[in-house]
Amino acid sequence: MKLANLLSRVLMATLGAAALAGCQSTPPVETGVVRSTIPVDAELLGLASATRQLSVYPIGANDTLAITVMGEPELSINSVRVSQDGTFQYPLVGSVMAAGRTTEAIGNSIRDRLAARYLRDPVVTVNLLEQGSHLVTVEGAVESPGIFRFQPETTLMGAVALAKGPERSAALDQVVLFREVDGQQMAARFDLQQVRTGAMIDPVLFPGDRVMVGTNRRSVLWQDLIRTLPAFGIFATVLR
């Protein structure tokens, strides 16, 4: 059985079980951020560092940026919020499109426009101060499943904490993080107990991540999915 079909059937079974349990509405979006206190080894298990992960976030509406132009304090901005149309206003340049672009791409755009008319070889740095547009879904054996807003540096442990932690019936070694990367669905299995002790990396969340906390009582399909995934902490492509 292909992993894609298996994943699809697992998710359908999960939704069906939720419906039978009387869950008739979409969980409300909640706000908050929890940062894990577990130290993260940036190179452990081949995953990128937290800094690298943050640098590839696509910026969205309501995100807050800081812009620095070396040697040009008048053009440096401590805080600017991206509007609902995905843009923000910048001195001399005017409207800058930010939505869907990384901080590096935004900085390059500002640099090129400044260099075209105003400055010689400007050095522009754009940093993400606060995320206002990214969500994570936490499902399965947690106390309060739902959709949550998260801030920079929020990790897998933080996502589970936002959902009020795992239920007593949760299988802590059956936590799966689903993520879309370059249009491909990826999945990785984590053991929360090992994450808590620092033996396993606590991955930083990406926008749109989905966390599923399993139990030993879950369906055969779920157990098949768990067995199909590779070693802990390694993302595998889920074929469509």
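The values are calculated or read from the model by the stated rules, or taken from the named source; none is laboratory data. Bear in mind the structure is a predicted one, so any value in this text is a computation, not a measurement. Cβ atoms come from the backbone with ideal geometry, glycine included; neighbour counts cover every protein chain shown.
Scanning the stretch 80-90 for residues that are over 21 Å from the mean Cα position of the chain (by Cα), crowded, with 17+ Cβ neighbours inside 10 Å and under 18 Å from Gln131 (Cα atoms) yields Val80, Phe88. Take the residues in the stretch 129-158 that are more than 14 Å from the chain's Cα centre (by Cα) and not β-branched (Val, Ile, Thr), then tell me which one is farthest from Ser169 (Cα to Cα). If we take residues in the stretch 129-158 being more than 14 Å from the chain's Cα centre (by Cα) and not β-branched (Val, Ile, Thr), then Leu129 is farthest from Ser169 (Cα to Cα).
Would you confirm, using the coordinates I've provided, whether Thr154 is surrounded by 14 or more Cβ atoms within 10 Å (Cβ to Cβ), of a type in the set (Ser, Thr, Tyr) and closer than 29 Å to Gly233 by Cβ? Working first, answer last.
Values: surrounded by 14 or more Cβ atoms within 10 Å (Cβ to Cβ): yes; of a type in the set (Ser, Thr, Tyr): yes; closer than 29 Å to Gly233 by Cβ: yes.
Spelling it out, Thr154 is indeed surrounded by 14 or more Cβ atoms within 10 Å (Cβ to Cβ), of a type in the set (Ser, Thr, Tyr) and closer than 29 Å to Gly233 by Cβ.
Checked against the criteria, Pro122 does not count as in contact (Cβ under 8 Å) with a residue 40 or more places away in the chain and within 24 Å of the chain's Cα centre (by Cα). Against the numbered list (1) buried (at least 17 other Cβ atoms within 10 Å of the Cβ); (2) modelled with pLDDT of 95 or more; (3) touching a strand residue (DSSP E or B) at 6+ places or on another chain (Cβ under 7 Å), Arg113 comes up short only at (3). Scanning the stretch 64-79 for residues that are within 17 Å of Arg113 (Cβ to Cβ) and either under 22 Å from the mean Cα position of the chain (by Cα) or not assigned by TED's automatic domain parsing to the domain that holds Arg117 (or both) yields one hit, Leu65.
Residues considered: Arg149, Arg179. Of these, the only one that is more than 30 Å from Thr68 (Cα to Cα), buried (at least 17 other Cβ atoms within 10 Å of the Cβ) and touching a residue at least 40 places away in the same chain (Cβ under 8 Å) is Arg179.
Yes/no matrix, rows are residues, columns are (1) part of a strand (DSSP E or B); (2) in contact with a Leu (Cβ under 8 Å, 6 or more places away or on another chain); (3) at pLDDT 95 or above:
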position	(1), (2), (3)
Val126	yes, yes, yes
Ser133	no, no, no
Val138	yes, yes, no
Ile147	yes, yes, no
Ala171	yes, no, no
Glu180	yes, no, no
Ala188	yes, yes, no
Ala199	no, no, no
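Screening Glu104 against (1) surrounded by fewer than 14 Cβ atoms within 10 Å (Cβ to Cβ); (2) among the acidic types (Asp, Glu); (3) in a loop (DSSP other than H, G, I, E, B); (4) within 21 Å of the chain's Cα centre (by Cα) leaves a single unmet condition, (3).
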